[in-house]
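These notes concern the structure reproduced below.
The values are calculated or read from the model by the stated rules, or taken from the named source; none is laboratory data. As the structure is a computational prediction, the values presented were derived from the model and not from experiment. Neighbour counts run over all protein chains shown; Cβ positions are idealised from the backbone, glycine included.
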Amino acid sequence: MRIVKNTVVSLHYKMVDQEGNMMEETDEPISYLHGGYDGIFPVVEEELHEKETGTTLSLQMEPEDAFGEYDEELLRVESRNAFPQEVTVGMQFEGSEEGSDDYFIYTVREITDDVVVVDGNHPYAGMVFQFECTVTDVRPATEEELSHGHVHHGTCGHEH
């Protein structure tokens, strides 16, 4: 079956940085709903369109194709007393700019006695990397998947 709009595509992928270090790799295939549902990077979806099971793909991903450019303004220094006592480096918090409806996941990067440094950028923001994948399966999406805009695996785990 060809990969076209409203098919479910399953694939193994890996992401490798410019120095050859593994950033991510799947153990089991992941699946996404093909056709503009934001389930995978748009440039990857475009390259996979009209391909079939068994297709392999290797793309150099620029920041604008993946996780965006690094935004220095999303690096913030906050007062230590604004955080719980048990805060640790690597913890994540949801937050927004004052007066904005845009929410970010902030990751704690540094903690001192007086301040906590948090970063709202994706950990891979600003990176160029190689995205490699192999398509393992293509099937028609179900009516339910199409109406919800995402792939279901058994019970999808949320109310509709």
- State whether the residues of the stretch 18-41 include one that is modelled with pLDDT of 95 or more, part of a helix (DSSP H, G or I) and among the aliphatic types (A, V, I, L, M). no
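Table: residues versus (1) in contact with a Pro (Cβ under 8 Å, 6 or more places away or on another chain); (2) in the same structural domain as residue 17 (by TED's automatic domain parsing); (3) of a type in the set (Asp, Glu).
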position	(1), (2), (3)
45	no, yes, yes
81	no, no, no
90	no, no, no
99	no, no, no
129	no, yes, no
- Message: Cβ-Cβ distance below 9 Å, separation of 6 or more or different chains: which pairs start in the stretch 76-93 with a residue that is surrounded by fewer than 11 Cβ atoms within 10 Å (Cβ to Cβ) and part of a loop (DSSP other than H, G, I, E, B) and end on one that is among the charged types (D, E, K, R) and modelled with pLDDT of 95 or more?
- Response: 90/109
- Task: Identify the single condition in (1) in a loop (DSSP other than H, G, I, E, B); (2) within 22 Å of residue 11 (Cα to Cα) that residue 134 does not satisfy, given that it satisfies every other one.
- Result: (1)
- Item | Only listed residue being in a strand (DSSP E or B), of a type in the set (Gly, Ala, Ser) and crowded, with 16+ Cβ neighbours inside 10 Å, chosen from 58, 10 | 10
